[in-house]
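Colleague: Here it is, the structure in full.
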């Protein structure tokens, strides 16, 4: 909770990264809305792919900064020698990124509802997004640790994360389609999202101490 409180306060003081991510996502949705007006009358089947593509790049853009501030200031080592388990630091970072990214996603769902004239703030779709975001954040937070000291960290995180996120993205798109009423059946895909979220969270907590070893 101390890590969560500290990071949320710092994120609020330095909002440029998250605001830039939201601005990018909002512009992307606006461009999609004009493009779909040219080729489709019913955009509902296309919305899951649009949403998860937008969520993907927003998360990569924002979560890549998870350990950047501590690494640049030289306080990362001080956090690691604190009298707590390294997994505790990891979970605090995951909660910070989860809260921040989920708030952006809710705002994007509101914006997409207005742009595409489709009700997206349903309980089932929000549940799908929440579970998928948990798995997404858990994995990218761990991978951002590996690239926190690299010079090319802005490029390293997408290279590491994108191949591993393919199952989550496929399940997220199909489960979101089911939540929007498409005949794909959301139950098995939602189960895959839950399994991925559990795997990435538990695996991240176990691997984080190894990832930060000297």
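The values are calculated or read from the model by the stated rules, or taken from the named source; none is laboratory data. This structure is a prediction, so every number in the text was calculated from the model and none was measured. Positions of Cβ are generated from backbone atoms using ideal geometry, with glycine treated the same way; all protein chains shown enter the neighbour counts.
Colleague: Among the residues of the stretch 99-126, write down those that are touching a residue at least 40 places away in the same chain (Cβ under 8 Å) and within 24 Å of residue 63 (Cα to Cα).
Modeller: Passing the criteria: 99, 100, 101, 104, 105, 107, 108, 109, 111, 112, 125.
Colleague: Sticking with this one: Among what's in the stretch 80-92 and is over 13 Å from residue 145 (Cα atoms) and assigned to a helix (DSSP H, G or I), pick the residue that is farthest from the chain's Cα centre (by Cα).
Modeller: Once the filter is applied, the top-ranked residue is 88.
Colleague: Across the stretch 33-49, what is the total count of residues that are closer than 12 Å to residue 116 by Cα and without any contact (Cβ under 8 Å) to a residue 24 or more places away in the chain?
Modeller: Within the stretch 33-49, residues that are closer than 12 Å to residue 116 by Cα and without any contact (Cβ under 8 Å) to a residue 24 or more places away in the chain number 7.
Colleague: Here is a further query. Looking at 62, 25, 112, 87, which is the one that is surrounded by 13 or more Cβ atoms within 10 Å (Cβ to Cβ), under 19 Å from residue 135 (Cα atoms) and modelled with pLDDT of 75 or more?
Modeller: Selected residue: 87, the only one of 62, 25, 112, 87 that is surrounded by 13 or more Cβ atoms within 10 Å (Cβ to Cβ), under 19 Å from residue 135 (Cα atoms) and modelled with pLDDT of 75 or more.
Colleague: Test residue 95 against the criterion of being under 17 Å from the mean Cα position of the chain (by Cα), without any contact (Cβ under 8 Å) to a residue 24 or more places away in the chain, surrounded by fewer than 22 Cβ atoms within 10 Å (Cβ to Cβ) and in a helix (DSSP H, G or I), and give yes or no.
Modeller: So residue 95 fails the test.
Colleague: Pairs under 6 Å by beta carbon, first residue closer than 17 Å to residue 105 by Cβ in the stretch 6-23, partner modelled with pLDDT under 70 and surrounded by 15 or more Cβ atoms within 10 Å (Cβ to Cβ), six or more apart or different chains?
Modeller: Going by the 6 Å Cβ cut-off, the qualifying pairs are 17/65.
Colleague: In addition: May I ask you to list pairs of residues, at least six apart or on different chains, whose Cβ atoms are under 8 Å apart, with the first in the stretch 128-143 being buried (at least 24 other Cβ atoms within 10 Å of the Cβ) and the second being not in a helix (DSSP H, G or I)?
Modeller: That search, which allows pairs on different chains as well, returns 128/186; 140/64; 140/66; 141/66.
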